[in-house]
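Working notes for the structure below.
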Amino acid sequence: MRLRALGAATLVVASSVLAAAALAGASHTQRPRLTVFAAASLTNVLPQIDSRARYSFGGSNMLAAQIEQGLPADVFASANTGLPWHLRRKGLVTRPVVFTSNKLVIVIARGNPLHLHGVRDLERHGLKIVMAAAGVPVGDYTRKVLKRLGLSDLVAKAVSQETDVREVLSKVVLGEADAGFVYATDAKTVKGKVGVIGLPKSAQPRVLYAAAAVKSSKHLQAAKTWIRHLLTKRAQRKLRAAGFLPITR
Amino acid sequence: MFAATAVALAFLLLPIVAIFARVSPGELVAQLSRPVVTDALVVSLKTSAIAQALVLLLGTPTAYLLATRRFRGHSLMVVLVELPLVLPPAVAGIGLIAAFGRFGLLGEQLNAFGIQLGLTQAAVVIAVAYVSSPLYIRQAIATFEAIDPNLVAASRTLGAGPARTFFRVVLPPRAAVSPPARHSRSRAGWASSGPRSCSRAASRA
């Protein structure tokens with residue numbers, strides 16, 4: 001009698017475990033784990049929006065090159081619209097969707113020991129300025145800003161051309177560089193560790209982030225849904241909280 | 001054994017072949033005229049040449065000491081010398097910044113002399129030296145250990161001082177002095193030191 005009860009209990013437990021496993025399996029097939037190639041500036045915010053996806057963060061230009069070389073990504077989220085449109089023209093991704101915006105700032109050492117107060121102070125002799133390389137979205141934006149301000153000579157003066165915006169940021173955080181050009185959202189991730197100098201509004205480039213689904217993805221539908229999700233109120237709130245700007249400015 | 005060698009060779013050569021399959025030699029030559037490319041090449045050549053000279057200068061006596069003397073802490077020293085080999089590049093990079101950067105352990109002292117290494121070519125030299133010296137020292141220890149101690153002893157009894165013995169007996173790759181074949185072969189390896197022995201050690205590591 002006792003044994004029988006035990007047997008029944010085991011059966012119940014076993015079947016519920018099986019059912020749970022089946023359910024879990026079902027939810028897996030419903031919502032696959034996506035691989036998202038995303039701009040380095042999205043490093044902190046995207047996992048807050050979807051913690052399940054697998055992310056590869058880097059310079060958007062490097063990620064685009066990797067997608068061109070056939071690396072298995074499901075979604076490409078770029079810090080500009082040019083790169084996803086370039087891939088679109090090659091037939092590699094779906095139509096890019098603009099989902100957020102940003103602006104450029106200058107980060108400097110905490111406490112501002114060199115008394116830098118504006119972008120023109122960067123012309124001072126002997127300063128170590130870092131920026132991203134041309135081709136990296138933030139590098140191109142930086143060049144655009146400097147050109148508008150008539151400070152293009154600063155490009156040649158930069159002591160390092162970095163591969164993505166977080167590399168620029170880390171050089172200033174570590175104190176190896178005196179100033180670097182990054183997005184406002186990057187500066188926000190290291191609040192208290194760096195100082196921030198704003199750039200004139202008239203010089204600000206239009207920084208737009210665009211996402212596209214990779215056509216060779218095994219989860220194309222899920223990838224498209226994921227991108228649509230970026231436009232939901234919830235996702236937009238997270239982006240806003242991280243300092244990103246709404247699309248219509 | 002031959003099959004394994006063939007696989008290993010293919011594995012090591014395939015990426016290099018693939019690069020040349022992708023970029024045609026004509027395109028490669030055309031790229032060479034771009035200032036960005038020549039700049040990069042000049043910086044690479046200059047910094048590695050300086051780094052290798054430093055490694056040679058400081059690494060050779062170190063390797064000789066570790067190969068010929070036995071003392072307390074000898075194995076520990078060998079381990080410490082080889083430690084950078086197993087560090088992931090990112091860790092090595094952060095370590096170098098923590099040591100030589102503006103706010104690094106030596107940063108203040110260097111700053112006092114007006115030296116700031118970060119983001120300069122001197123920093124490249126340091127990084128290259130840091131990565132390549134364990135490879136060199138390791139190989140050099142092995143080569144020094146392979147030298148017949150009798151040859152050294154003979155040189156000394158014949159009246160040559162330690163320095164002369166080192167430069168005339170230990171260092172040169174000498175076919176003239178014909179020790180057992182094993183030695184002459186390892187000396188030949190020594191003669192072709194630098195990149196080749198480095199890469200050999202690297203593939204072993």
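The values are calculated or read from the model by the stated rules, or taken from the named source; none is laboratory data. Bear in mind that the values here come from a model prediction, so they are computed numbers and not experimental data. Glycine gets a Cβ as well: all are built from the backbone with ideal geometry, and neighbour counts include every protein chain shown. Heads up: the accessible areas ignore ligands, DNA and RNA and are worked out on the full protein's heavy atoms, side chains in. Shrake-Rupley method; radii C 1.70, N 1.55, O 1.52, S 1.80 Å.
Before moving on, here are some points about what is shown:
- Compared with the dominant principal axis of the Cα atoms in chain A, helix A:137-148 is inclined by about 30°.
- Sequence-distant contacts, meaning Cα pairs under 8 Å at least 6 residues apart, place the relative contact order of region B:1-149 at 33 percent.
- Highest mean first, the peptides B:84-97, A:94-107 sorted by other C-beta atoms within 10 Å per residue fall in the order A:94-107, B:84-97.
- Computed over chain A with a Gaussian network model linking Cα atoms closer than 10 Å, the most mobile of A:Asp153, A:Asp186, A:Asp164 is A:Asp153.
- All Cα pairs of region A:172-249, percent lying beyond 20 Å: 51
- Heavy-atom accessible area with a 1.4 Å probe sorts A:Trp85, A:Trp226, largest first, into A:Trp85, A:Trp226.
- Charge-dipole axis of chain A as Lys and Arg at +1 and Asp and Glu at -1 on Cβ define it, positive-most pick from A:Leu42, A:Val194, A:Gly118: A:Leu42
- Overall, the protein assembly as shown carries a charge dipole of about 1240 debye about its Cα centre when +1 sits on the Cβ of Lys and Arg and -1 on the Cβ of Asp and Glu, all other atoms neutral.
- Think of the protein assembly as shown as a dipole: +1 on every Lys or Arg Cβ, -1 on every Asp or Glu Cβ, centred on the Cα centre; then among B:Gln52, B:Leu119, A:Ala203, A:Ala203 lies furthest on the positive end.
- Karplus 3J(HN,Hα) series, Hz, for region B:100-111 with 6.51 cos²θ - 1.76 cosθ + 1.60 (x for Gly, Pro): 10, x, 3, 10, x, 4, 9, x, 5, 4, 4, 4
- Computed over the protein assembly as shown, the per-residue total of -39500 (n - 2.57) for DSSP H runs of n ≥ 4 gives a 222 nm mean residue ellipticity of -17500 deg cm²/dmol, rounded to 500.
- Fully extending the segment from B:Thr120 to B:Ala4, taken as 0.36 nm per residue of separation minus the present Cα-Cα distance, adds 37.4 nm.
- Surface accessible to a 1.4 Å probe, A:Ile67 within the full protein complex, Å²: 10
- Theoretical FRET efficiency, 1/(1+(r/R0)^6), r = Cβ-Cβ of A:Ala134 and B:Ile94, R0 35 Å, to 0.05: 0.85
- Area accessible to solvent at A:Glu167, 1.4 Å probe radius, in Å²: 70
- Highest-fluctuation residue, A:Pro32, A:Pro205, A:Pro113 considered, GNM on chain A with Cα pairs under 10 Å: A:Pro113
- Put simply, the amide H of A:Val98, placed in the peptide plane, has neighbours under 5 Å in A:Ala211, leaving out anything fewer than 5 places away on its chain.
- Using θ = phi - 60° in the Karplus curve 6.51 cos²θ - 1.76 cosθ + 1.60, the 3J(HN,Hα) couplings for region A:114-126 round to 9, 6, 9, 10, x, 4, 5, 5, 5, 6, 4, 5, x Hz; x is entered for Gly and Pro.
- Efficiency of FRET from Cβ geometry, A:His125 and A:Trp85, R₀ 35 Å, rounded to 0.05: 0.30
- Rounded to 10°, Cα long-axis angle of helix A:220-229 versus longest principal axis of chain A: 60
- Where B:Arg168, B:Arg102 fall by accessible area, highest first, once all protein chains stay in place (1.4 Å): B:Arg168, B:Arg102
- Annotation: amide H-H contacts under 5 Å for A:Gly135 (H modelled 1.01 Å from N, sequence separation of 5 or more, or interchain): A:Asp140.
- Rounded to the nearest 20, the size of the Cβ-charge dipole of chain A about its Cα centre is 1000 debye, with Lys and Arg at +1 and Asp and Glu at -1.
- For A:Tyr183, the solvent-accessible surface with a 1.4 Å probe is about 0 Å², rounded to the nearest 10.
- Helix A:2-30 and the longest principal axis of the Cα set of chain A meet at an angle near 40°.
- Å³ per residue enclosed by the Cα convex hull of region A:104-215: 105
- Put simply, the Cα atoms of region A:56-110 extend 44, 20, 15 Å along their principal axes, the longest span coming first.
- Stokes-Einstein D for region A:157-206, Kirkwood Rh over Cα pairs, 20 °C, 1.002 mPa s (µm²/s): 184
- Normalising the average separation of contacting C-alpha pairs (under 8 angstrom, six or more residues apart) by the number of residues puts the relative contact order of chain A at 28 percent.
- Among A:Ala132, B:Ile16, A:Ala184 the positive-end extreme of the charge dipole of the protein assembly as shown (Cβ point charges): A:Ala184
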